[in-house]
Amino acid sequence: MSLLIQHDSDAAALRRGTRRFLFVATLAMLALIAAIVVRQGVFRQTTSYSFVTDSAQDIAKGQAVRIAGFRVGAVSNVSLKDDGQVVVIMEIDADHMRFVTHDARVELRKEGLVGSPTLEIVPGPDKTRLAAAQARLRFSRAEGLGALANQVRDEFVPILKDIKVITGVLADPQKGLPGTLAQVRASSEALNTLLANSNRQVNGIGGAATRVLGKAEEDLSQLGQTLAAANARLPGLIDRTQQVLDHVEKITAEAEISVPPALREGGAAAADVREIVSGARQAWPIRNFVNAPAPAKLKLDSDLRGEAGRAR
Amino acid sequence: MRAKTLLLATLILAGCAAAPNSANSPTEPPRLKAALEAESDGAKRYGRGDYAAAARRFDEAARTYASIDDTPGTVRNRLHQARSELAQGHAEAALLTLESAERGSDAGPALDTLLLKAQAQMALDRQAAAQQNLATASGQCAGACPQAASLHLLQARVALAANRAPDALVQAEAALKLLQGKDEAAEIGNAWRLIAAARLAGGDAGGALPAAQAALEIDRRLALPEKIARDWLLIGDIRRKVMRSGIHSDGADDTAAAYRRALDVANAAGLVDLARLATRALAAGNEVPPGRKP
């Protein structure tokens, strides 16, 4: 009898434990379901917007909708109208409605050039008015890789045509590169000839200059000897100075007649003479015989160009 | 070849001839010799009308003189430099150079400095300052200095600028009298030009023409293009006045011809201001260009 009573009390305890476990498990399950529903945004307040496009390419139900890169909603429906247009309906969190202006547009962009497509709501410039709920927004597609390729092709095709024309012109044997090269070759040959002639002439001038300088050196050495002798016989020279001056006057008079025409023969000869005279003036011992000039006195002129013609 | 030989022979003989003198005279120190040579070269270039190179050489000479503490040489070359700058039309630069010369001088401003300053100030249209300098110069000169004629001419120019034509004529004639028999052709030409301008301003266009032609003749002989151009402009103005007074009613061609000569000379010598004046005078036809003083 006591054994039966003991069995009944154990069974009752087991039932109580089982009921408690089931109660707790049910509560946990309900909490989990509530969390999932909240996380899914079932209780979140949303607003729907729509747009119309020609093609549903790259647009799918559940696709993220972003504003300034932040996910603010998703595509809730994509449907084909009777006229062949595609209507896309988006659900946007009510919290983010303040960014959707009445002139906002929806743009289909790709992350990078080849990434996944996303819909981006781009607010318009007029921030004073917001879009009404279920408003129809404008839609555009950002240029993707294909459009870029088309643009590049459009840019390159004319360039390639130009290159083709240019290469055609360059290849022209008469007016093109071969002709130009032939002309350049002919010009360079003419230039070479000219340079050769110039070299010959410069050599000739150089030879002449060398001869003149050689002669000048010879004359200067003779002059040095003469002056040495003159120094040795200075007293005698003083006596003969007057006679020498007479000779100088005569020679100068002759030189006045004969030198100018000779000087007119060319600038080169004049330059040579100037060089010789300048060199001789600075060379010892002639420099000892050349006196410094007297202080200069300019002629009076009370009407210099100071007024530059303003008063005359 | 013969010319070179002759020149060498001339050099040798000249060297021989100069030997006794050189032996007797003391040798110049190298720096002083260099300064004298730069000064002499500057004077040659000034004489040839290469005023820019002359100014450079005078500046070089002045620096060399200053380096050997030769104040008179420094001041003299600064004055030469200022004169070269004035001849180029750089009046501001000339005034700075003259101030430098004054600073270097132990005594007060010399008469030459005052006269050049007056010229520069007239060029810059500072008539009052020019007149003041001329008054100081007049006090220094007391009528008996070698620059008396130049002083008279500058006073004549100041008078002319102040529309005192009779005073200008008196001063210019006094200068011409002082210059008689002197080897100062440029100043004589200046005197004739001022006499012509003063007569023209005084209404004696008939008497102005021979004076202007006398100035032109002298300036041509001296080959001074700037003054020749100015003489032609003056002759054009005189002919225009003569034509208007009715003495020669058919003088329009002569007037235009004078202005054209002025333009040609100014263009050939690269005198931009004078060329502009001549062009304006030609274009003006019967109108006297405003702002041009005779």
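Data overview
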item: Distance between modelled label sites at B:R31 and A:T128, nm, 7 Å Cα→Cβ extension; result: 8.7 nm
item: Charge sum, other residues only, whose C-beta stays under 10 Å from A:D58's C-beta, Lys/Arg counted +1 and Asp/Glu -1; result: +3
item: Highest-first arrangement of A:9-15, B:91-97, B:220-226, where packing means the average Cβ count within 10 Å; result: B:91-97, B:220-226, A:9-15
item: Chain lengthening between B:R244 and B:E217 when straightened (0.36 nm per residue, less Cα-Cα); result: 7.2 nm
item: Under-5 Å amide H pairs with A:I92, H placed in peptide plane, nonlocal only; result: A:T47, A:S48, A:Y49
item: Neighbouring partner chain Cβ atoms per residue of B:115-124, average, 10 Å criterion; result: 3
item: In nm, spacing of pseudo-spin labels at B:D264 and A:R15 (7 Å Cα→C-beta vector); result: 14.6 nm
item: Partner chain coverage, peptide B:182-190 - average Cβ within 10 angstrom; result: 3
item: Most to least packed among A:30-40, B:163-173, B:191-201, B:62-72 [average Cβ atoms within 10 Å]; result: B:191-201, B:163-173, B:62-72, A:30-40
item: Relative contact order (%) - the range A:1-156, alpha-carbon pairs under 8 angstrom, separation at least six; result: 21 percent
item: Subset of B:K117/B:K227; A:K299/B:K177; B:K33/B:K182 violating a 22 Å alpha-carbon distance limit; result: B:K33/B:K182
item: Shielding by partners, peptide B:83-89 (average Cβ within 10 angstrom, other chains); result: 5
item: Whole-Å distance, taken between Cα centres, linking the range A:81-100 and the range A:48-73; result: 7 Å
item: Cut-off 14 Å, label 7 Å out along Cα→Cβ of B:I68, residues of the range B:32-52 by amide N; result: B:32-40
item: Cβ-defined net charge surrounding A:D154, 13 Å radius [Lys, Arg +1; Asp, Glu -1]; result: 0
item: Residue-span extension gain [B:A129 to B:E173] - 0.36 nm each, minus C-alpha spacing; result: 13.4 nm
item: Efficiency of FRET from Cβ geometry, B:E92 and B:A52, R₀ 22 Å, rounded to 0.05; result: 0.90
item: From phi via Karplus (6.51, -1.76, 1.60), per-residue ³J(HN,Hα) for the range B:151-157 in Hz, x at Gly/Pro; result: 4, 4, 5, 5, 5, 5, 5
item: Calculated SAXS-style log₁₀ I(q)/I(0) at q = 0.19, 0.22, 0.24 Å⁻¹ - the range B:31-87, Debye, Cα scatterers; result: -0.51, -0.67, -0.78
item: ³J(HN,Hα), Karplus 6.51/-1.76/1.60, whole Hz, each residue of the range B:198-213, x for Gly, Pro; result: 5, 5, 4, 5, x, x, 9, 5, x, x, 6, 4, x, 5, 5, 5
item: Net +/- balance of residues flanking A:T101 in space, Cβ distance below 15 Å, scoring K and R +1, D and E -1; result: +2
item: Inter-probe distance in nm under a simple model that places probes 7 Å from Cα toward Cβ, at A:A294 and A:V78; result: 11.3 nm
item: FRET efficiency for A:V37 and A:F70, using Cβ-Cβ distance with R0 set to 22 Å, rounded to 0.05; result: 0.45
item: Efficiency of FRET between A:A56 and A:I159 - r from beta-carbon atoms, R0 51 angstrom, step 0.05; result: 0.90
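Bear in mind that the values in this text are calculations on the coordinates, not laboratory data. Computed from a predicted model, the values in this text were never measured in an experiment. Please note: Cβ atoms are built from the backbone with ideal geometry, for glycine as well, and neighbour counts cover all protein chains shown.
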